[in-house]
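The values are calculated or read from the model by the stated rules, or taken from the named source; none is laboratory data. Since we're looking at a predicted model, the values are computed, not measured. Note: ideal-geometry Cβ built from the backbone for every residue, glycine included; neighbour counts use all protein chains shown. These accessible areas exclude ligands, DNA and RNA; they are computed on the full protein's heavy atoms, side chains included. Shrake-Rupley method; radii C 1.70, N 1.55, O 1.52, S 1.80 Å.
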Amino acid sequence: MSRASPKMRHFAKRLTVYERRRNTPSETKTPPAFQVCDKLRVHLAIFMGNTGFRELLSCALPRAQTEIPWLGAVKVNADGAFQGLEELSAKRNPDELFEGGVVLVAQLLGLLTAFIGQTLTLRFVREIWPEVLLDDLELGKKGKDEKTE
């Protein structure tokens with residue numbers, strides 16, 4: 001299994017930092033990266049269905065576990081939401097949760113980009129987080145159906 005690329009980590013960290021700044025700890029106990037995954041789940045389920053998103057996340061999670069083994073405590077349930085997150089949050093400090101979550105989001109975004117391309121991935125992300133600056137991101141090779149400018 002491959003490690004998350006530096007470009008995907010940067011992309012994931014940008015979204016995770018944004019979510020961390022938007023929510024105070026008293027508003028939610030869900031770590032910010034897992035909030036990113038949940039927002040993607042809600043949005044992408046319209047595009048690929050709950051099953052499609054669950055499968056995507058179920059592929060990203062073991063890839064992230066190769067880098068962050070303690071993510072093995074988290075499971076993906078039938079609708080693509082996380083199980084075991086509360087227990088994990090109780091055992092890990094916020095910095096560990098943040099870094100582990102960034103790796104998970106990076107893997108998820110990397111798979112999404114591989115399957116649907118950079119342009120469509122960025123379009124979905126911009127619909128969810130229109131305030132986040134993404135114009136400077138270059139995520140890698142364009143898909144075969146995407147034009148290079």
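How would THR16, THR66 rank on accessible area, largest to smallest, probe 1.4 Å?
Details: THR16 0, THR66 80 Å².
The most accessible residue leads, giving THR66, THR16.
The order of ARG22, ARG3, ARG126, ARG9 by accessible area, most exposed first and with a 1.4 Å probe, is ARG3, ARG22, ARG126, ARG9. Counting only protein chain heavy atoms and rolling a 1.4 Å probe, the accessible areas of VAL103, VAL76 rank, largest first, as VAL76, VAL103. For VAL76, the residues 5 or more places off, or on other chains, whose built amide H falls under 5 Å of its own are GLN83. Within the assembled protein chains, the solvent-accessible surface assigned to SER2 is about 50 Å², based on a 1.4 Å probe. Entry comment: accessible area of the chain is 56 Å² per residue, from protein heavy atoms only and a probe of 1.4 Å. When the surface is traced with a 1.4 Å probe over the full set of protein chains, ASP136 keeps roughly 100 Å² accessible. Magnitude of the charge dipole for the chain, about its Cα centre and with charges confined to Cβ atoms of Lys, Arg (+1) and Asp, Glu (-1), is about 200 debye.
Kirkwood's formula applied to the C-alpha pairs of the chain gives a hydrodynamic radius of 15.5 angstrom.
Remark on ALA4: its backbone amide H falls under 5 Å from none of the residues 5 or more positions apart or on other chains, H modelled at 1.01 Å from N. Which percent of the Cα-Cα distances in segment 1-83 go past 19 Å? Across segment 1-83, Cα pairs with separations above 19 Å total 43 percent. Counting only alpha carbon atoms, the long axis of helix 94-116 and the longest principal axis of the chain meet at about 30°. Take every pair of alpha-carbon atoms less than 8 Å apart whose residues are at least six positions apart; their mean separation over the length of segment 1-119 yields a relative contact order of 38 percent. Helix 32-65 axis versus longest C-alpha principal axis of the chain: approximately 60°, rounded to the nearest ten.
Apolar share of the accessible surface for the chain: 52 percent from carbon plus sulfur atoms, 1.4 Å probe.
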